[in-house]
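The values are calculated or read from the model by the stated rules, or taken from the named source; none is laboratory data. Small disclaimer: the values here were computed from a predicted structure and weren't measured. As a convention, Cβ positions derive from the backbone with ideal geometry for all residues, glycine included, and neighbour counts pool all protein chains shown. SASA here: full protein model, heavy atoms, side chains in, ligands and nucleic acids out. Shrake-Rupley method; radii C 1.70, N 1.55, O 1.52, S 1.80 Å.
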Amino acid sequence: MRPVDIQLIGEELALKWDDGSETYLRLETLRRHCPCAGCKGEVDIMGHLYKGPETTLSAKAFHLVRIANVGGYALQPVWADGHDTGLYSFDYLRRLAEATGGSRE
């Protein structure tokens, strides 16, 4: 499953998939579910989660500056607060949209 079109529409990221379906993700949802180790944490071999302290996100944290394709499997958003380490796999984006009510056929 791959997006064939990606558009920023207001406060949402719209993705049209190669199966014809569409998903919409609020930018705030996208940022709050950043999968990078700094945001989500890392799990060691014993299953222990290591995560830094929770941080308060500013309004800039939800402003998308640009988004880049990574290989053929992910998107990498760059946020106005400088955060750019989250790699959102296409599968993760699709599951996130389904979990947050952003899927439309």
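Values computed for the structure shown
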item: Contacts under 7 angstrom Cβ, first residue in the stretch 78-90 being touching a residue at least 24 places away in the same chain (Cβ under 8 Å) and more than 15 Å from L15 (Cβ to Cβ), partner assigned to a loop (DSSP other than H, G, I, E, B) and open to solvent by 40 Å² or more (accessible area, probe 1.4 Å), 6 or more apart; result: W79/H63; D81/S58
item: Any hit, the stretch 88-105, residues being of a type outside the set (G, A, S) and more than 21 Å from R2 (Cβ to Cβ); result: no
item: Strands (runs of 3 or more DSSP E) wholly inside the stretch 1-94 that include at least 1 residues being surrounded by fewer than 13 Cβ atoms within 10 Å (Cβ to Cβ); result: 3-9, 64-70
item: Pair list, Cβ under 8 Å, 6 or more apart: the stretch 19-40 residue under 10 Å from L96 (Cβ atoms), other residue of a type in the set (K, R) and open to solvent by 40 Å² or more (accessible area, probe 1.4 Å); result: T23/R104
